[in-house]
1. Just checking, which of LEU157, LEU152 is outside the structural domain of LEU223 (by TED's automatic domain parsing), farther than 17 Å from MET244 by Cβ and outside any loop (DSSP other than H, G, I, E, B)?
2. I'd like the full set of residues that are surrounded by 20 or more Cβ atoms within 10 Å (Cβ to Cβ) and not hydroxyl-bearing (Ser, Thr, Tyr), limited to region 106-136.
3. For the list (1) at pLDDT 90 or above; (2) of a type outside the set (Val, Ile, Thr); (3) in a loop (DSSP other than H, G, I, E, B), I need the number of the one condition that GLY50 fails.
4. Condition check: touching a Lys or Arg at 6+ places or on another chain (Cβ under 9 Å) and hydroxyl-bearing (Ser, Thr, Tyr). Does SER229 satisfy that?
5. If we scan region 53-62, do we find a residue that is surrounded by fewer than 15 Cβ atoms within 10 Å (Cβ to Cβ), out of contact with any Gly (no Cβ under 6 Å at 6 or more places or on another chain) and at pLDDT below 90?
6. Is region 173-194 home to any residue that is surrounded by fewer than 22 Cβ atoms within 10 Å (Cβ to Cβ), farther than 26 Å from LYS232 by Cβ and not polar (S, T, N, Q)?
7. Which one is surrounded by the fewest Cβ atoms within 10 Å (Cβ to Cβ) among residues in region 252-281 that are touching a Lys or Arg at 6+ places or on another chain (Cβ under 9 Å) and within 23 Å of ASP209 (Cα to Cα)?
Amino acid sequence: MDGKRPRHLAGKVYGFGGNCYVHVALILLVVAELCEGWRGGVYWTSRYSGQGVSYENWIGFWSHDSHYTGYGHHYQTYWPSYYRYPHCGACYCNTTASTVSCSSASSIGLKRITYRFNLTKSTFSPTVTSIAIYNSGLYYNEKGTFDLLSSLGSLTLHATNLLNFPDVSRCSSLTRLDLSRNKITFPVGVDPGRLLPDSLTHLALMENDISWIPKGFFSYTNLQFLGLSRNKIKQIPSNAIEHMNDLQFLSLDGNQLTSLSWRTLNTLETSNVTHLNFSNNQISHVGSKAFYLLRSLKIL
């Protein structure tokens, strides 16, 4: 499971090069743990590279990081010390009017804007390429806020008061979407329609309040990495993850799952999923053929 510590790599290193390599590996691992912790992407790549696994350090992987009290992110931008002080960057933050304007900025980084504010159609420039808002009072995004942002490649809305999943379906260049540690839910029984663009490959939804996901919400997308860790999901949302042919990684750790079965996992048959994380749930039953159709599965 993803909670394993990197010291398990020592035996693997020994097999390739003897005691000298073991000593070097252990020293490096001890230094990493004492100073900054370890990164999930590096750990899994090192452990399974012989089976073709090669990960970057995407924030959806659990990482051992003593600087962060939430979902083990190993990135400086997610450490509390990073967003301890307000930063408006190239935007104009009006505390009196409780507004934020970034209409002339091509790259946006906001952190610890504590007053409550919303995003509107006029907040961003149509040429903006990256948006990152951390630990702020963002509450709502107006319909159409992201419709004209065809150059936007990455969007991060982390640790805010955001309640609804934003419509980014027209962001045709968007590949990375991080909506972790918010308060996002999907109203039960309500179909929000298509909210994701075909260009999206990485979606992080860890640490929200999601208990139900609309049918087909992720289906027929080009997502490769999907993080749903630490929500309130009680069963695998099988009808929301159909026909995800490019999917490689799916995390549902830290939810409220109680069983795994062929019926709930067979929708991943057409995918290339190699890595599933179901750790830290309440699973008491695993069906005998639960993973039978997942031919590419390597890490569980």
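1. Working: LEU152 fails: outside any loop (DSSP other than H, G, I, E, B).
None of the others qualify; the one that does is LEU157.
2. Scanning region 106-136 gives ILE108, LEU110, LYS111, ILE113, PHE117, LEU119, PHE124, VAL128, ILE131, ILE133, ASN135.
3. Tallying (1) at pLDDT 90 or above; (2) of a type outside the set (Val, Ile, Thr); (3) in a loop (DSSP other than H, G, I, E, B), GLY50 fails exactly one: (3).
4. The answer is no for SER229.
5. no
6. No, that holds for no residue.
7. Restricting to residues being touching a Lys or Arg at 6+ places or on another chain (Cβ under 9 Å) and within 23 Å of ASP209 (Cα to Cα), the top hit is THR258.
The values are calculated or read from the model by the stated rules, or taken from the named source; none is laboratory data. Nothing here was measured: the structure is a model prediction, and the numbers come from that model. We place every Cβ from the backbone using ideal geometry, glycine too, and count neighbours over all the protein chains shown.
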